[in-house]
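Notes for the one structure printed next.
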Amino acid sequence: MRTKPLPKRSPSGALIVLGLLSQAPQHGYGLYQRICIELEGLWHIEMNRLYALLEELSQAGLIQGRDEQEAGHPVRRVFQPTAKGRRHFEAWLRAPSSTMQEMRVDFPVKLFFAMARGLEATHKLLVAQREACRAQMDRLSDQRRALASRSACHSLVYDFRARQIQAAIKWLEACQRQHQRIPARPLPRRPKNKIVQIEELKSR
């Protein structure tokens, strides 16, 4: 039985984790479960690497943790981003991918976050990425003209790259036409602590 290939690991993994924690504070294992379910096919990280990444983000002052305990469960450390961590994530989310490799690896996850916020955020992301791809196309055209006489191989390779960018632009334009028909994805909600639920019932 063939197994599905895992998505490429993104160098923006820390920012993706910050984005997920911005949606809802989470302990390490719960965060890993979210990644496996909600980002399946978009992004993947091994569990041991995720825990190491959480420690790195904590040491960098991008997330902070607090211990929480529910009845019948061991103490778990729940993480949420600091103000600094949120700024880092927002800057990454707004910035379009500057290369086709970045777009293939990072843009699907950016689209996931934008769609969770609604139509306006999705529209802004799609427009910014389309303009970035057009700028890439202009730069590639200049390079192609400068190296046109070098060899037939160079010409073919530049044609291949140009077709990739053109395909990306067409896809982004199709997304823009369709995104208004795609409902916004609701943000995940963490279950309330059982003790809190009991206190709320008592107060009624």
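The numbers here are math on the coordinates, done by the rules we state, and not lab data. What you are looking at is a predicted structure, and each value in this text was computed from that prediction instead of being measured. Cβ sites come from the backbone with ideal geometry, for glycine too, and all protein chains shown count toward neighbours.
In terms of the Cα gyration tensor, with a ≥ b ≥ c the square roots of its eigenvalues, is segment 62-160 rounded because a/c is under 1.5, prolate because a/b exceeds b/c, or oblate? In terms of gyration-tensor shape, prolate.
Rounded, prolate or oblate: which fits segment 1-110 when a ≥ b ≥ c are the square roots of the eigenvalues of the alpha-carbon gyration tensor, with rounded for a/c under 1.5 and prolate only if a/b beats b/c? Oblate, since a/c reaches 1.5 and b/c is not below a/b. Would you give the gap between the C-alpha center of segment 46-60 and the C-alpha center of segment 152-182, rounded to a whole Å? Taking the Cα centre of segment 152-182 as reference, the centre of segment 46-60 is 35 Å away.
Annotation: amide H of Q64 within the under-5 Å range of Q80, T82, sequence separation 5 or more or interchain, hydrogens built in the peptide plane.
FRET efficiency for the A167 to I37 pair, using the beta carbon distance and R₀ = 30 Å, is estimated at 0.55.
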